[in-house]
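All remarks here apply to the structure that follows.
The values are calculated or read from the model by the stated rules, or taken from the named source; none is laboratory data. The model shown is predicted, which means the values in this text are computed figures rather than measured ones. In this analysis, Cβ positions are derived from the backbone assuming ideal geometry, glycine residues included, and neighbour counts consider all displayed protein chains.
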Amino acid sequence: MLAATWYIFFFACLIIENPTDMKSLNSTQDDLIPAEVGDWQISESNTYTQDNLFEYINGGAELFISFGFSNVYSKIYTAPDQPGIILDVFSMNSSADAFGVFSFSTETVNSEIGQGAYQDKGVILFWKDHYYVSIMAYPETNKSRKAITDLAHTIESNIGTAGNVPEVLAYLPEEQLVKESIRYFHHPAWINTHYYISDENIFLIDSRSHCLLARYDQHGKQVILLLIAYHDPKVARAGFQSFVQDFIPELDRSGAVQLEDGTYVGCKRMNSFLAVAFNGSKKEAVINLIDSAIELYNSKIQLP
């Protein structure tokens, strides 16, 4: 389960006054990545871009490309009689994109490394500022576990100051939230992550849209909340109208309707912000969840 401290941690990141230091933005791979760790030394080094990432990651490159990145620093460390260590450091376009990639990587998170990390046998994944880092060593040994932990802490330190998480996270109601289910994205390919909605881009999501999906435990059902912060109220209005026309044309002023399968779907818009709830068992609960998100949105945008 996701530690509650992580949830508090990433919201605290919203108020960092200097979210990205110049050291981090201007870092090269030599600044970030040590040549050795314990008995391990770099034996192979490669750099990948969006043009050739598919040559390196077969079947998983789409996720990184949808968030955008400048390059991937890939290293292999070797040591006598020990498993090799594979290190990948993705330099993303922003800290929000780094958080987004990490949010799709795992469902168990802690804040012991970077701004969020996942650790298991032979693997450490973490994000910090605009970097997403993957470190793997199989099979795990006592020495390799210490080595990958030391490597993670060294890279974290070299990255420097933490970055901001996406602002749209502040609009998630906390009550009944399944925190490990949070997914951030701004590409329509990931709209069906928790619940099938459509194969089409019916919300008119583009690279300037900030989208969240999360699950809520309500009355024995997993209610899916989708939040979209558009860059313009006109685009938000068009996205709202497109969704309603395609998915729930019978939507009335109450903001929620019952589908043929007996579940409820609700949708409301406020300026550039859209909140949608799926798979609800009770109409009032769906409306209350949406209203809570809109209330959080209003409270944030009215702050001085």
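Of note:
- Against the list (1) touching a Phe, Trp or Tyr at 6+ places or on another chain (Cβ under 6 Å); (2) at pLDDT 95 or above; (3) aliphatic (A, V, I, L, M), the condition Leu87 fails is (1).
- In the stretch 160-176, of all residues being in a helix (DSSP H, G or I) and in contact with a helix residue (DSSP H, G or I) (Cβ under 6 Å, 6 or more places away or on another chain), the one that is surrounded by the most Cβ atoms within 10 Å (Cβ to Cβ) corresponds to Tyr171.
- Within the stretch 246-285, the set of residues being surrounded by 18 or more Cβ atoms within 10 Å (Cβ to Cβ), assigned to a loop (DSSP other than H, G, I, E, B) and more than 29 Å from the chain's Cα centre (by Cα) comprises Leu251 only.
Yes/no matrix, rows are residues, columns are (1) in contact with a Ser or Thr (Cβ under 6 Å, 6 or more places away or on another chain); (2) in a strand (DSSP E or B); (3) at pLDDT 95 or above; (4) among the acidic types (Asp, Glu):
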{"residue": "Val178", "(1), (2), (3), (4)": "no, yes, no, no"}
{"residue": "Ser181", "(1), (2), (3), (4)": "no, yes, no, no"}
{"residue": "Tyr184", "(1), (2), (3), (4)": "yes, yes, yes, no"}
{"residue": "His194", "(1), (2), (3), (4)": "no, no, no, no"}
{"residue": "Ile205", "(1), (2), (3), (4)": "no, no, yes, no"}
{"residue": "Ala214", "(1), (2), (3), (4)": "yes, yes, yes, no"}
{"residue": "Ile224", "(1), (2), (3), (4)": "no, yes, yes, no"}
{"residue": "Leu227", "(1), (2), (3), (4)": "no, yes, yes, no"}
